[in-house]
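Working notes, structure below.
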Amino acid sequence: GAMYVTGYHAWTIRNSSFCGNRTNIQGGAIYFTGAYGHKIENTSFSNNTSVAYGGAILGNSATMTINNSYFVGNQAGSTYAGGAISGHSAAFNLANSYFYNNKAGAGGAIFHGCAYNSLPSKGENSVFAGNLAT
């Protein structure tokens, strides 16, 4: 997709837009791996596509805080998971975000595989509407 972030340096993405990105692997817009403390704030993800996991974002061995962000029309592969976000050995803190019309084989909006270092994930004050798991 648009970004592949690896290593142990956390990124902050703020006031941005990821639209129409596509990958033949995972993470249609962003693939995060191997870091603690990524932050996404006031950012929109629309119509991003992944052939496998994570239509907009894939987090692998990573932690992410996502605030005030929008996920609309993102899509993961029909036999994969996480139309908007997919997490594998990941931890999420999600707040004040909106998930609409995202699609995947499982977890139309979000798929969470297992925790990163046993850290808890949480979501609050968010809206989920029209997401589809096929």
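The values are calculated or read from the model by the stated rules, or taken from the named source; none is laboratory data. Keep in mind the model is a prediction, meaning the values are calculated, not measured. For neighbour counting, all protein chains shown are included, and Cβ atoms are generated from backbone atoms with ideal geometry for every residue, glycine included. What goes into the accessible areas is simple: the full protein's heavy atoms, side chains included, and nothing from ligands, DNA or RNA. Shrake-Rupley method; radii C 1.70, N 1.55, O 1.52, S 1.80 Å.
A few comments on the model shown:
- Vicinal HN-Hα couplings computed from phi for the stretch 35-48 (Karplus, 6.51 cos²θ - 1.76 cosθ + 1.60; Hz; Gly/Pro x): 8, 10, x, 5, 10, 10, 9, 6, 10, 10, 10, 9, 6, 8
- In percent, rounded to a whole number, the relative contact order of the stretch 55-134 is 33, using alpha-carbon pairs under 8 Å and six or more apart.
- Oblate is the label for the stretch 46-122, because the ratio a/c of its alpha-carbon gyration tensor axes (a ≥ b ≥ c) is 1.5 or higher and a/b is not greater than b/c.
- Extension gain (nm, one decimal) between residue 117 and residue 36, 0.36 nm per residue minus Cα-Cα: 28.1 nm
- For the chain, relative contact order (Cα pairs under 8 Å, six or more residues apart, normalised by length) works out to 19 percent.
- Inter-centroid distance (Cα atoms) of the stretch 64-93 relative to the stretch 1-33, Å: 11 Å
- Centre-to-centre separation between the Cα atoms of the stretch 100-129 and those of the stretch 41-62: 11 Å.
- Between residue 93 and residue 16, the simple spin-label model (points 7 angstrom out along Cα→Cβ) gives 1.9 nm.
- When 124, 41 are compared by accessible area at a 1.4 angstrom probe, the order from most to least is 124, 41.
- With every protein chain in place, the stretch 42-103: carbon and sulfur % of accessible area (1.4 Å): 43 percent
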